[in-house]
Structure formats: structure tokens, C-alpha cells
1. Round to the nearest 0.05 the FRET efficiency obtained for Asp285 and Glu242 when R0 = 45 Å and r is the Cβ-Cβ distance.
2. By how many degrees, 0 to 90 and rounded to 10, does the Cα axis of helix 126-145 deviate from the longest principal axis of the chain?
3. What Kirkwood hydrodynamic radius, in Å, does the chain give when the mean of 1/r is taken over all pairs of distinct Cα atoms and then inverted?
4. Between Ala139 and Asp317, 0.36 nm times their residue separation minus their Cα-Cα distance comes to what?
5. Using a simple charge model, +1 on the beta-carbon of Lys and Arg, -1 on the beta-carbon of Asp and Glu, nothing else, what dipole does the chain show about its Cα centre, in debye to the nearest 20?
6. Give the residue list of trypsin sites (Lys or Arg not before Pro) in segment 1-102 that are DSSP loop and have at most 11 other beta-carbon atoms within 10 angstrom.
7. At 0.36 nm per residue, and after removing the present C-alpha to C-alpha distance, how many nm does the segment from Val273 to Arg39 gain when stretched out fully?
8. Wrap a convex hull around the Cα atoms of segment 184-324, take a quarter of its surface area, and give that in square nanometres.
Amino acid sequence: MTAKRVLYIGGTGTISAACVRRSVAAGDEVTVLNRGSSRRAIPDGVRELVADVRDAGAVRNAIGDAEFDVVAEFLAFTPGHVQQDLDLFEGRTGQYVFISSASAYQKPPARLPITESTPLENPFWQYSRDKIACEELLAAASRDRSFPVTVVRPSHTYDERMIPTIGGWTDIARLRAGRPVIVHGDGTSLWTITHADDFAVGFTGLLGAPAAIGEDFTITGDHTPTWDRIYRWLAEAAGVDEPDLVHVASETIAAFEPELGPTLIGDKAHSVVFDNSKLRAIVPDFATTITFDEGARRIVGYYDAHPDEQRIDADRDALFDRIAAHARSAG
């Protein structure tokens, strides 16, 4: 396959860094545009443009008159962000890939598995509604002006630096100290969790694919453990045989900490199982190769090797103590 000129807006985040690595391995000519402040290294051979992506003039100056086969947008979260891209890239790219979110799908879902035909409707989370509005703007540009858009919806995607629990490293520290760890709900709901390296296979397979233009794709894989299983795999990786898991309703957690409400009630509180057959029709190599038992070992291994990144959130730590005390007094 002919090498592609790919611009990643972002390129150093949890998902995009893995995609950049795979694009480079495929022989593509890769450019990343971001503020240059990420802790994830950029692979050799990648051209780096440094600009504040919210400053349209700075972005235009950084890109100059360059054209790209693909622009992959990982940092657009509102219609205003997307409109800036339309103003800049229309007529200068053969494909614009917008990274939306599987949280935009109907919550709670009326039926499983979730497919690309599942309605986009999330009354609980503004982030998801903004992503839906971005998609609507792009759909209009595609319909009215043949703008070459592809929409991608990841669900919970992680790598060795991203701990997929509400407490992050604070949860690992609490597990190792034998302290109670809060699990939303009763721990039995199913959650689709995807390693970034697996996501990257599906994502890069869509780049430059004519059949992907004007289409939307879920990229999540088919690994759907329960939340209890996710926490227990983390505990096992951390060397804890009997974790003290305290189950608390998402609504109760949100009452204690409203900031957590949208991500729980608008997403993680619901069982989610996805059908990725539309993606696999174009990218047959896409598969789940890293399940979270292995992912948990990689996470704990990384943080144990980087003790300077083992940051305990004191506020969240105290919050968990209050929630656990309330749950046990009520039970």
C-alpha cells in the first residue's frame, strides 16, 4: 500500500500515541500537531508541529500550505473546534477522521449489542452531547459539500499509563494498603475495555480506505469483563489476593461527588457490549489481543517501575473513605 501523509492533531495521548506508532510502522509519512508538552515520546521519523490547537492562527502558521491524505483529529470536543478544522482543512485533505465517543450512544441502551445504528442520545453527559453535535456538523459538511469525513467512536481505551477506575493510582494504593476500594453499582455490569494497541489496528486500517469515507465506525473490540473482574485483575496484578471492594450505587457516588456523576450515570453505570462487524468488514485484522488481565499487569508494572508517577489524590482518597463509611453504615 502507498505511504500516506497523515496529520495527527494530538498524537501523544493514550489512544493517539498508539495510532501514531502503528502509522509509522506502516511506513506512513506522519506529522503530529500539539502543544509539545506530553509525557509520551514521539517516535523517530515523525515530524512535530508545535502550536496551541485552540489558536486558529497559530495552527495555520504551523501547517503552512501543507496538504494531507488524512487528518486525524483527536482533540476536537465541541462544534467550534470542528468548525475551525473545516475552515482550515476543507480542500486540503483526502480524509478527515473525527474521534467521537461511544458514550454518545443511547444511555441507557435500549438493546445490546450496540451498533452504529444505535441512536446517539446521552441526556446525562455534556461531553457526549458535544461529541454528537460535532458529528452533526460534520454530517452536514459531508452531505452538503462532500467533505470526506470518517467518524470513529472508541469506548474505554487504555494503555499502561491509564488506570481505568475512578480513583486511578489512588485505587491501587488503597488496594495494597488493604483499604476499601469503591466500585460503582453491584460490580456485575459488563464493561467493554480496549487496549490502545488493539484500537490502533482498527483505526489505522481505516486511514485512506475509500469505503470509510462518509461512514461511522465503533472501535472497541469484544472484551467485556464485569467491573468486579476489572478491579480484581488490578488487585491480582498489585499482589493483593483479597481486595476490599465496596459496592455503591452510581447515584450515591454522584451525590458525594457531582463531578463523577456524568461519567458514571452517563456511561459506566450501564452494561455495554458492542458489535464491531462494520469495522471488521474493512479491517479484517482487527481483534482483541490484549485482555485486561494482561493489561492490568502492564499498568502495575509500569507504575512500579516509575514511582515518581504514583500520585495519590488526597481529595479523592478522603472521598472514598467517606463513601465507604456511609455504605457500611447504611448496609
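Rule-based calculations on the coordinates, nothing more; no lab input. Computed from a prediction, not measured in an experiment: that's the story for all the values here. A quick note on method: Cβ atoms are made from the backbone with ideal geometry, for glycine too, and the neighbour counts reach across all protein chains shown.
1. Efficiency for this residue pair is about 0.70.
2. The angle comes out near 20 degrees.
3. The answer is 20.8 Å.
4. Numbers: separation 178, 0.36 × 178 = 64.08 nm, distance 4.29 nm.
Difference between extended and current length: 59.8 nm.
5. 60 debye
6. Hits after loop and neighbour filter: Arg39.
7. Stretched fully, the Val273-Arg39 segment lengthens by 81.1 nm.
8. On the way: hull surface 41.2 nm².
Reported value for the Cα convex hull: 10.3 nm².
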